[in-house]
Number of protein chains: 2
Amino acid sequence: MKIALLGTGIVGRTLGSKLVEVGNSVMMGSRSANSPKAAEWVEAAGALASQGAFADAAAFGEVVLNCTAGVASLAALELAGRENLSGKILMDVANPLDFSQGMPPTLTVCNTDSLGERIQRAFPDAKVVKALNTLNCAVMARPELVPGEHHVFVSGDDAEAKGRAARLLGEWFGWEPHDIIDLGGIGTARGTEMMLPLWISLMGTLGTPIFNLRVVTGRDAPSA
Amino acid sequence: MKIALLGTGIVGRTLGSKLVEVGNSVMMGSRSANSPKAAEWVEAAGALASQGAFADAAAFGEVVLNCTAGVASLAALELAGRENLSGKILMDVANPLDFSQGMPPTLTVCNTDSLGERIQRAFPDAKVVKALNTLNCAVMARPELVPGEHHVFVSGDDAEAKGRAARLLGEWFGWEPHDIIDLGGIGTARGTEMMLPLWISLMGTLGTPIFNLRVVTGRDAPSA
């Protein structure tokens, strides 16, 4: 299928290469067409890869992936054009991390709002599905890098779009249905975005970004 | 050993009962001595259980557990008395959740600060170890309710106190050393406190609070 990838960073390039590898036509969008990073990615990724401005990519894609830096996402999506997002699944992979004060980063929005919600409010005709943002991009694209069962979360207000997005996570990257936990409406994106500080601490403790969480359910406690 | 439990809610009562069960002397502290909930708990928990005002309990305990509601913790610890906390491990189990606007709750502090850090700053002579706050209290006290390997996080600035706290989690509740992940200084309490919105969503999705997270580490990705 035709997929728009917004963003030329490591997340966009990693997901884009995997999407091309499994047979999709992928256009990478950036602020202006012919950005050096996008052109370099297209050359490496082969015939199914192309690049253009944000609006070119969003017009091209049947599905749009927001892989821009969270602090730049709303501006990038404005440039992509609401008419190019209308009616489409907009998979939001971004986290609103602010690195301007050094490590650890803080979030530019959290607690009473989230980037996912802001995007859905700004683009009400897009079907925003927050997904993959609790993972390093290598694990997003290749869940088999982490052994055994582990989970990815999806949040979104449109149940049909969320279900389709979950199936795409399987077709594109190999996430099995039982690996995908539907947290509920887009408001639950607060939870996955607010997991980033813990994720960053864990990366430091574990010494690798190649990890994930497995949600393990137990039996009910005996009544107290 | 002699343990102070601050707070008469379900967390304090559940941990207190387990602590007594494994042979500790536990004094439950509340705003005023002889609170009905504390008195009821003492009667049910038996001869090793006692109760008193926050300051009575803090003076009694070799170790102090903060099981008060996060929004009330600093006031409760002031009543407990800094002289009664000085030099002791203060295990902070609380989360700064604000339920006043209904569900889902928000955090009263997050992102650039945390309850754990606030407590450490307010009581610099106490050895604050944030722990257990990512778990339902039944799982805190009985990790075996969740099958297989799963993890609890500790944060604190005093490495020796943190190590001792980790051993106590084992002696008291059965958390094995490999179940305990040391995230670093007390600043990393931001991460575990900010996990609460995801935890609350998961409780809704799973239909039970009896769950936990297993951190699964993978192998490094092939270079892109």
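Could you go through region A:163-173 and let me know if any residue there is under 30 Å from residue B:15 (Cα atoms) and at pLDDT 95 or above. Working first, answer last.
Narrowing region A:163-173 to residues under 30 Å from residue B:15 (Cα atoms): none.
Within region A:163-173, none of the residues are under 30 Å from residue B:15 (Cα atoms) and at pLDDT 95 or above.
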*Would you check which residues across region B:52-62 are buried (at least 22 other Cβ atoms within 10 Å of the Cβ) and outside any loop (DSSP other than H, G, I, E, B) and list them?*
B:54, B:57, B:58
_Looking at (1) within 24 Å of residue B:24 (Cβ to Cβ); (2) hydroxyl-bearing (Ser, Thr, Tyr); (3) surrounded by fewer than 21 Cβ atoms within 10 Å (Cβ to Cβ), which one does residue B:155 not meet, given that it meets all the others?_
(3)
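Being in contact with a Gly (Cβ under 7 Å, 6 or more places away or on another chain) and at the interface with another protein chain (Cβ under 7 Å from one of its Cβ atoms) is true for just one of A:213, A:206, A:145. Which residue is that?
The unique qualifying residue is A:145.
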*Filter region B:105-121 for residues that are in contact with a helix residue (DSSP H, G or I) (Cβ under 8 Å, 6 or more places away or on another chain) and more than 23 Å from residue A:95 (Cα to Cα) and give the result.*
B:115, B:116, B:117, B:118, B:119, B:120
*Return the only residue of A:120, A:101 being modelled with pLDDT under 95 and farther than 23 Å from residue A:213 by Cβ.*
A:101
_Qualifying residues in region A:114-130 (those that are within 14 Å of chain B (Cβ to nearest Cβ) and within 11 Å of residue A:156 (Cα to Cα)) - the one surrounded by the most Cβ atoms within 10 Å (Cβ to Cβ)_ = A:130
*For region B:150-201, how many residues are facing chain A (nearest Cβ under 8 Å) and among the charged types (D, E, K, R)?*
2
*State yes or no: is residue A:62 touching a strand residue (DSSP E or B) at 6+ places or on another chain (Cβ under 7 Å), within 28 Å of residue A:34 (Cβ to Cβ) and among the charged types (D, E, K, R)?*
yes
*Every pair of residues 6+ apart whose Cβ atoms lie under 7 Å, when the first sits in region A:186-197 and is closer than 11 Å to residue A:111 by Cα and at pLDDT 95 or above while the second is assigned to a helix (DSSP H, G or I) and charged (D, E, K, R)*: A:187/A:117; A:189/A:117
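Within the bounds of region A:63-72, is there any residue that is within 22 Å of residue A:183 (Cα to Cα), exposed (fewer than 15 other Cβ atoms within 10 Å of the Cβ) and out of contact with any Pro (no Cβ under 7 Å at 6 or more places or on another chain)? Can you show your working first?
So in region A:63-72, the residues within 22 Å of residue A:183 (Cα to Cα) come out as A:63-67, A:70.
Then drop every residue that is not exposed (fewer than 15 other Cβ atoms within 10 Å of the Cβ), which leaves none.
No, region A:63-72 contains no residue that is within 22 Å of residue A:183 (Cα to Cα), exposed (fewer than 15 other Cβ atoms within 10 Å of the Cβ) and out of contact with any Pro (no Cβ under 7 Å at 6 or more places or on another chain).
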*Where residues in region B:5-51 are out of contact with any strand residue (DSSP E or B) (no Cβ under 8 Å at 6 or more places or on another chain) and in a loop (DSSP other than H, G, I, E, B), which of them is farthest from residue B:138 (Cα to Cα)?*
B:47
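From the list B:83, B:40, pick out the single residue that is within 14 Å of chain A (Cβ to nearest Cβ) and over 30 Å from residue A:188 (Cα atoms).
The unique qualifying residue is B:40.
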*Restricting attention to region A:86-98, which residues are more than 14 Å from the chain's Cα centre (by Cα) and away from every other protein chain (no Cβ under 14 Å)?*
A:86, A:87, A:88
*Say whether the condition of being crowded, with 22+ Cβ neighbours inside 10 Å and within 27 Å of residue A:107 (Cβ to Cβ) is met by at least one residue in region B:167-180.*
no
*Determine which single condition residue A:35 fails, assuming it passes every other condition in (1) more than 14 Å from chain B (Cβ to nearest Cβ); (2) surrounded by 21 or more Cβ atoms within 10 Å (Cβ to Cβ).*
(2)
*asked:* Criterion first (within 14 Å of chain B (Cβ to nearest Cβ), touching a strand residue (DSSP E or B) at 6+ places or on another chain (Cβ under 6 Å) and either surrounded by fewer than 21 Cβ atoms within 10 Å (Cβ to Cβ) or closer than 20 Å to residue A:209 by Cα (or both)) does residue A:111 satisfy it?
replied: yes
*Determine which single condition residue A:94 fails, assuming it passes every other condition in (1) touching a Lys or Arg at 6+ places or on another chain (Cβ under 8 Å); (2) crowded, with 22+ Cβ neighbours inside 10 Å.*
(1)
_Can you tell me which condition residue B:195 does not meet? The list is (1) within 12 Å of the chain's Cα centre (by Cα); (2) surrounded by 22 or more Cβ atoms within 10 Å (Cβ to Cβ), and all the others hold._
(1)
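The values are calculated or read from the model by the stated rules, or taken from the named source; none is laboratory data. All values reported here derive from a predicted model rather than from experimental measurement. Note: ideal-geometry Cβ built from the backbone for every residue, glycine included; neighbour counts use all protein chains shown.
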